[in-house]
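Asks: Following this message is one structure expressed as structure tokens.
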Amino acid sequence: MERVKLAREIIETCLEMTRIGLNQGTAGNVSVRFNGGMLITPTGVPYEKLTTDHIVYIDADGQHEAGKIPSSEWRFHQAVYHTRPDAGAVVHNHAVHCTAVSILNRPIPAIHYMIAAGGGNSIPCAPYATFGTRKLSEYVAVAMKDRKATLLQHHGLIACEENLQKALWLAQEVEVLARLYLTTLAIVDPVPVLDDEEIAIVLEKFKTYGLRIEE
Ligand SMILES: C[C@H](O)[C@@H](O)[C@@H](O)C(=O)COP(=O)(O)O
Ligand SMILES: [Zn+2]
């Protein structure tokens, strides 16, 4: 797809992320895999002010085009694309329930079968490291080796999928899981979970289920 069209889709994804309550202010960032590297949101620009010219290209070596400053988190976006060849888009946000679970430094366990949307029986929680650091990107690479989403301790959520629409969908599903987890956790801890055998069945069914979102 051409660059301007992808840049427009990135901006639409950012605006939608805020509109559906997954993000606030200048928190979060969004990227798509492009030309061996990625297109990513700039750092610190409110989403409603974004134009396609603001979107930054970063090549495979991590070099960004002159005159633009990419998201401070470009390293963890790059880490996801390296770790997951299936990832075509990455979204990061500070969704309230995901962030609350990340503050507890817990993974989201298999409290609902939709956990399998993240690729396994949990949504992990990557250890804390300062935002924008190589250390944080290393933690993300480990957490997302066999998952499509991870919490970031004391920070927020990252989700990836084959395209932007699906990545945002997954981020929203994980926020619902986080909310369910916190709601049940208020009553019982540990919260009862589904066993690995059932999650394996759901993972298999998801391979053909409805293709979920049309292109
Ligand atoms: C301090 C930043 O908000 C940090 O939380 C970062 O992870 C973020 O969400 C937005 O940073 P950018 O505007 O640099 O993408
Ligand atoms: Zn952040």
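Asks: Mind listing the long-range amide H neighbours of Ile123? Cut-off is under 5 Å, sequence gap 5 or more, other chains count too, H placed in the peptide plane at 1.01 Å from N.
Replies: For Ile123, the qualifying residues are Ile108.
Asks: Roughly how many nanometres apart are two label points built 7 Å out from the Cα toward the Cβ at Gln24 and Asp86?
Replies: Each label point is offset 7 Å from its Cα along the Cβ direction, giving 3.4 nm.
Asks: Turning to a different aspect of this structure: What is the stretch 2-53's relative contact order, in percent, from Cα pairs under 8 angstrom and six or more apart in sequence?
Replies: 42
Asks: Return the subset of Lys148/Lys205; Lys5/Lys49; Lys148/Lys207; Lys5/Lys148 for which the Cα-Cα distance in this structure is over 20 Å, preserving the input order.
Replies: Lys5/Lys148
Asks: Relative contact order for the chain: what is it in percent, counting Cα pairs under 8 Å that are at least 6 residues apart?
Replies: So the answer I get is 20 percent.
Asks: Further, regarding this structure: For Val193 and Val96 in one chain, what is 0.36 nm times their gap in residues minus the Cα-Cα distance, to one decimal in nm?
Replies: 32.7 nm
Asks: Next question. Within the stretch 80-191, what whole-number % of the accessible surface is contributed by carbon and sulfur, with the 1.4 Å probe and all protein chains included in the calculation?
Replies: 58
Asks: How big is D for the stretch 14-80, in µm² s⁻¹ as a whole number, if Stokes-Einstein is applied with the Kirkwood radius of its Cα pairs at 10 °C and 1.306 mPa s?
Replies: Answer, rounded: 130 µm²/s.
Asks: Related question: Taking a ≥ b ≥ c as the square roots of the Cα gyration tensor eigenvalues, with a/c under 1.5 meaning rounded and otherwise prolate when a/b beats b/c, else oblate, which class fits the stretch 139-190?
Replies: oblate
Asks: Determine how large the accessible area of Tyr139 is when every protein chain is in place; take a 1.4 Å probe and give Å² rounded to the nearest 10.
Replies: 70
Asks: Additional query: Roughly what percent of Cα-Cα pairs across the stretch 93-215 reach past 26 Å?
Replies: So the portion of pairs separated by more than 26 Å is 17 percent.
Asks: Just the accessible area for Lys207, please: 1.4 Å probe, Å², rounded to the nearest 10?
Replies: Using a 1.4 Å probe on the heavy atoms, I get roughly 140 Å².
Asks: Something else now. With every protein chain kept in the model, how would you rank Ser72, Ser137 by accessible area, 1.4 Å probe, largest at the top?
Replies: Ser72, Ser137
Asks: Still on this structure, I have one more. Give me the distance between the Cα centres of the stretch 108-161 and the stretch 40-57, rounded to whole Å.
Replies: 24
Asks: Measure nothing but the geometry: give the 0 to 90° angle between the long axis through the Cα atoms of 3-19 and the longest principal axis through the Cα atoms of the chain, rounded to 10°.
Replies: So the inclination is approximately 40 degrees.
Asks: Heavy atoms of the protein only, probe of 1.4 Å, neighbouring chains included. What is the accessible area of His82 in Å², nearest 10?
Replies: Here the accessible area works out near 130 Å².
Asks: At 1.4 Å probe radius, can you tell me the per residue accessible area of the stretch 47-172 in Å²?
Replies: 41
Asks: Long-range amide H contacts for Gln153: which residues qualify at under 5 Å (H placed 1.01 Å from N, peptide plane, sequence gap of 5 or more or a different chain)?
Replies: Excluding prolines and chain starts, which carry no amide H, the hits are Ala126, Tyr128.
Asks: State the percent of C-alpha pairs, over all pairs in the chain, separated by a distance greater than 20 angstrom.
Replies: 55
The values are calculated or read from the model by the stated rules, or taken from the named source; none is laboratory data. Remember, it's a predicted structure, so these values are computed and weren't measured experimentally. Every residue, glycine as well, gets a Cβ built from its backbone with ideal geometry; the counts of neighbours run over all protein chains shown. Keep in mind that these areas ignore ligands, DNA and RNA; they rest on the heavy atoms of the full protein, side chains included. Shrake-Rupley method; radii C 1.70, N 1.55, O 1.52, S 1.80 Å.
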